[in-house]
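Coordinate-derived values only; no laboratory data. Just so we're clear, the structure is a prediction, and the values are computed from it rather than from any experiment. Quick reminder, even Gly has a Cβ in these numbers, built from the backbone with ideal geometry, and neighbours come from all protein chains shown.
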Amino acid sequence: MFNLTTEDIKTNHAIHTASEIYQQPEVWKELSEMMERDGATFQQFIEGIFNKHEQTRVIFTGAGTSAFAGDTLTPALNRQEKRHVQYEAIATTDIVSNPTEYFGQKIPTILVSFARSGNSPESVASVELGQNIVEDFYQVIITCNKDGQLAKNVQNDANSIVLLMPEKSNDQSLAMTSSFSTMSLAAYGLFAYSLFTEKNVQQLISYGEELREHVGDVVDDILTFDFERAIYLGSGSLAQLAHEGALKMLELSSGKVVAYHESSLGFRHGPKSILNNQSLAIVFVSEDEYTRKYDIDILKELAKIDNGMKVVALTGRQDPLVETLADWTIPVVTADDKIANDFYISLLYIVFAQVLAMKKSIQLGNTPDNPSPDGTINRVVEGVTIYPYEQQ
């Protein structure tokens with residue numbers, strides 16, 4: 001698995017992390033079967049809300065990786081939406097501290113909570129705040145844990161539904177991997193169902209199966225470069241995915257690798273100063289022909305820097321120009337056909353980022369399943385105080 005023997009995985013305490021990254025195509029398949037079976041009921045709930053109100057906000061929320069799922073989804077969903085619906089991504093960590101800046105009393109709102117455990121204090125508090133502030137308030141709980149507080153709290157609530165993810169997606173590792181991709185795919189299937197076709201999902205599963213079998217080879221080659229900084233870049237949805245890529249590296253390296261994210265265009269505006277001779281830049285190249293031009297431009301600019309840094313480019317299809325600009329190029333679509341859009345390709349790109357972070361963690365002497373044994377970070381966040389809110 002990813003060029004690691006069973007003994008390697010056990011010795012380095014990477015059993016959960018490695019298997020949870022590897023299992024993603026199977027979990028996506030299980031999710032697609034669930035959506036085929038139950039999706040119409042979920043979509044009727046959503047359509048009923050959209051038809052009831054002249055305007056609806058859909059807020060994707062969560063903390064950390066769960067928040068980045070919403071960040072990645074929002075541009076893709078707003079692009080395809082033709083109705084009076086506005087998609088937004090607002091982290092629970094922002095909602096809890098500033099609820100009236102994010103909730104509007106008179107605006108009908110669907111709060112979509114991404115939750116691996118469903119027990120994060122900010123997630124539970126965000127729901128309570130929404131219920132107190134918003135007159136027409138609805139919930140969609142997308143969770144990997146049927147016993148979590150979020151799921152329990154909406155039992156028998158006609159204004160709420162729970163999408164329970166396949167059991168395997170409830171990652172036991174500290175870092176979220178299959179939970180991130182599976183919850184993201186579920187939300188996309190719910191709100192962009194015209195694009196959630198059997199063909200598109202089967203393509204994703206097939207390419208994911210191929211990628212996991214050879215990604216270890218290129219990651220091992222990349223790790224011959226002793227980088228101490230990792231910079232993730234992309235545009236649109238992929239700029240938001242870059243945040244999750246950077247977090248995986250930061251978490252699994254336990255901060256030994258400085259990880260940063262930015263948009264391809266935004267990188268020139270100051271953040272580019274992070275580059276030195278121990279930097280690895282990872283560019284998530286868009287498949288949109290217009291957007292791709294800007295990702296290619298930043299690759300050209302990075303290729304001109306002669307300070308010893310290295311560049312990795314992920315692309316949907318083989319591209320000779322990209323190959324001339326990057327030290328390593330990873331096409332995630334090996335066939336002649338084209339994957340549906342950047343959302344689907346984001347789930348393949350993140351597999352690479354997860355494997356790179358895990359293997360870098362092992363190289364650094366960390367234990368990927370628990371890279372923070374001193375308790376600096378935990379699987380479910382600790383130490384959060386939720387203060388009573390009095391509506392003003």
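Here are a few things to note about the model shown:
- Counted over segment 15-196 with a bin width of 5 Å, the fraction of Cα pairs per bin, in whole percents, is 1, 8, 18, 22, 23, 16, 8, 3, 1, 0.
- 385, 93 arranged by Cβ crowding within 10 Å, fewest neighbours leading: 385, 93
- Looking at segment 1-129 alone, DSSP beta bridges between its own residues are antiparallel in about 0 percent of cases.
- Using the Cβ-Cβ distance between residue 293 and residue 33 with R0 set to 45 Å, the FRET efficiency works out to roughly 0.70.
- Model label points for residue 55 and residue 336, set 7 angstrom from Cα along the Cα-to-Cβ axis, are 4.9 nm apart.
- Across segment 280-287, coupling constants 3J(HN,Hα) worked out from phi with the 6.51/-1.76/1.60 Karplus curve, θ = phi - 60°, read 10, 9, 10, 10, 8, 7, 6, 8 Hz, and Gly and Pro carry x.
- Relative packing of 211-217, 356-362, which averages over residues the other C-beta atoms within 10 Å, highest first: 356-362, 211-217
- Rounded to whole Å, sorted largest first: equivalent-ellipsoid semi-axes of segment 160-285, Cα gyration tensor: 29, 18, 16
- Pairs from the table (52/106; 146/199; 338/360) lying more than 25 angstrom apart at Cα are 146/199; 338/360.
- What the phi angles of segment 148-153 give under the Karplus curve with 6.51, -1.76 and 1.60, with θ = phi - 60°, is a coupling list of x, 5, 4, 5, 5, 5 Hz, glycine and proline written as x.
- Multiplying the residue separation of residue 146 and residue 202 by 0.36 nm and subtracting their alpha-carbon distance yields 17.5 nm.
- Answer label, with percent of Cα pairs over 31 Å apart calculated from the coordinates and candidates [x] 45; [y] 41; [z] 35: [z]
- Charged side chains reduced to their Cβ positions (Lys and Arg at +1, Asp and Glu at -1) give the chain a dipole of some 420 debye around its Cα centre.
- Note on 267, 343, 45: ascending count of other Cβ atoms within 10 Å places them as 45, 267, 343, the fewest first.
- Near residue 139, the amide H atoms lying under 5 Å from its own belong to 111, 160, 161; only residues 5 or more places off or on other chains count, and H is placed 1.01 Å from N.
- Phi angles of segment 261-276 translate, via the Karplus equation with coefficients 6.51, -1.76, 1.60 and θ = phi - 60°, into HN-Hα couplings of 9, 6, 7, 4, 6, x, 5, 6, 8, x, x, 4, 5, 6, 5, 9 Hz per residue; Gly and Pro are given as x.
- Sequence-distant contacts, meaning Cα pairs under 8 Å at least 6 residues apart, place the relative contact order of the chain at 19 percent.
- Exposure proxy order (Cβ contacts within 10 Å, fewest to most) of 77, 265: 265, 77
- Calculated on the alpha-carbon coordinates, the convex hull of segment 199-363 measures out at 100 cubic angstrom per residue.
- For residue 272 and residue 224, the FRET efficiency from 1/(1 + (r/R0)^6), where r spans their Cβ atoms and R0 equals 35 Å, is about 0.90.
- Extending 7 Å from the Cα toward the beta-carbon at both residue 158 and residue 194 defines two label points whose distance is 3.0 nm.
- Projected label distance in nm at residue 11 and residue 213, using a 7 Å step from Cα toward the beta-carbon: 2.7
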